[in-house]
Amino acid sequence: MTNSEIILTSKNIRCTIDPKHGGRVSSLVAFGRELLITHNGETNLQKWGSYPMVPYAGRVRDGKFNFESKSHQLEINMAPHAIHGTVLDRAFSVTELSPTSVTMNVDLGARFAFSGEVTQIITVEDDAINFELILSTSDQKMPGQVGWHPWFARPCRIEVDFEKMYVRDSFGIPTGKTVAPPPPPYDDCFTGLRKQPRIIFDESITMTIDSDCSHWVVYDETSHAICVEPQSGPPNGFSLEQFIVEPSKPLKRFMRLSISK
């Protein structure tokens, strides 16, 4: 099927998906308002739209991790670390398409030492967008992590409530220790979700984010955007809280963006 842009719509939502550039949502217009940072000449694929992070999310310290007593080196794409996985700059293949839903997949590529595949399903339903990621492997065990990285366009503000925040070191990477969250601004990972995060745009449009992910990264230090990122594990998770994907044990997570005015 085509890898050109795909548009899914409902009465109040227009969701544009770009399979060619990491299977990302390149535009999300709700009630006439663009909610995402769009391409608009930005050459860094890490900094616009809403894209899946697979097979790891956030920074991996020095791009290094151990798995089953063997050391592995990832590509350094945010020196001196690896960040946000191996598929955000790769073309997804569209396998199913309807006016309200698309299914896409891509293998993890040569930059990951393990053979695996991720499938993403995006569905527009009334005033909500549903996302599902499925990370699978056919013939071996491997470490795995999934998440989403949306760039929400200001003016907007966030309402979040978490029990714990990871302490970061001088490189911005969680140490494993947690504390009670201080006031913002944040570039931090949280656990213990007490209520669903909300993004309020122009004090008139509200987005509520639901997910079965256990970890959330919130970034609100920039003047033009806010990021709220559901992840199945923390940054540097291959070392801190490693999840093992097996042929009979894929990693599945969902995110739902519900929008109201």
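The values are calculated or read from the model by the stated rules, or taken from the named source; none is laboratory data. Owing to the predicted nature of the structure, the values given are computational and were not obtained by experimental measurement. Note: ideal-geometry Cβ built from the backbone for every residue, glycine included; neighbour counts use all protein chains shown. Ligands, DNA and RNA are stripped out before the accessible areas are found, and what is left, the full protein with its side chains, is counted by its heavy atoms. Shrake-Rupley method; radii C 1.70, N 1.55, O 1.52, S 1.80 Å.
Please report Rg over Rh for the range 1-84, where both radii come from the alpha carbon positions and Rh follows the Kirkwood definition. Could you put the intermediate results ahead of the total?
Values: Rg = 16.5 Å, Rh = 14.9 Å.
Rg/Rh: 1.11.
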message = From the protein chains alone at 1.4 Å, what is the descending order of accessible area for E125, E203, largest first?
response = E203, E125
remark   = Correct semi-axes for the chain, from √(5λ) of the alpha-carbon gyration tensor and rounded to whole Å with the largest first, are 27, 23, 16
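Expressed as a rounded percentage, what relative contact order does the range 50-187 have, with Cα pairs under 8 Å and six or more residues apart?
Details: 236 pairs, mean separation 29.4, N = 138.
In percent, rounded to a whole number, it is 21.
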query = Amide H to amide H under 5 Å from A113: which residues, 5+ apart in sequence or cross-chain, H placed 1.01 Å off N in plane?
reply = none
message = Give me the 1.4 Å probe accessible area per residue for the range 142-261, excluding ligands and nucleic acids, in Å².
response = 42 Å²
query = Going 7 Å from the Cα of H224 in the Cα-to-Cβ direction, what parts of the range 3-47 have a backbone nitrogen less than 16 Å from that spot?
reply = 27, 34-47
inquiry  = On a full-extension model of 0.36 nm per residue, what is the gain between S101 and S204, subtracting their alpha-carbon distance, rounded to one decimal in nm?
reply    = 34.4 nm
ask   = Counting pairs of alpha carbon atoms under 8 Å apart in space and at least six apart in sequence, what relative contact order in percent does the range 1-44 give?
value = 26 percent
remark   = For L193, the accessible surface traced by a 1.4 Å probe with all protein chains present amounts, in square angstrom to the nearest 10, to 70 Å²
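Can you give the calculated 222 nm mean residue ellipticity of the chain, where each DSSP H run of n ≥ 4 adds -39,500 (n - 2.57) and the sum is split over every residue, rounded to the nearest 500 deg cm²/dmol?
Working: 1 runs with 4 residues, N = 261.
Helix-only estimate at 222 nm: 0 deg cm²/dmol.
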key: Overall form of the range 17-163 per C-alpha gyration tensor (a/c, 1.5; a/b vs b/c)   = prolate
task = Using a 1.4 Å probe over the heavy atoms of the protein chains, calculate the carbon and sulfur portion of the accessible area of the chain as a whole percent.
result = 47 percent
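Taking only the Cα atoms of the range 86-181, how large is their convex hull per residue, in Å³? Write down the numbers at each step before the final one.
Details: hull volume 18.2 nm³, N = 96.
Roughly 190 Å³ of hull volume per residue.
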ask   = Along the three principal axes, how long is the range 171-261 when you take its alpha carbons, biggest first, rounded to the nearest angstrom?
value = 45, 32, 24
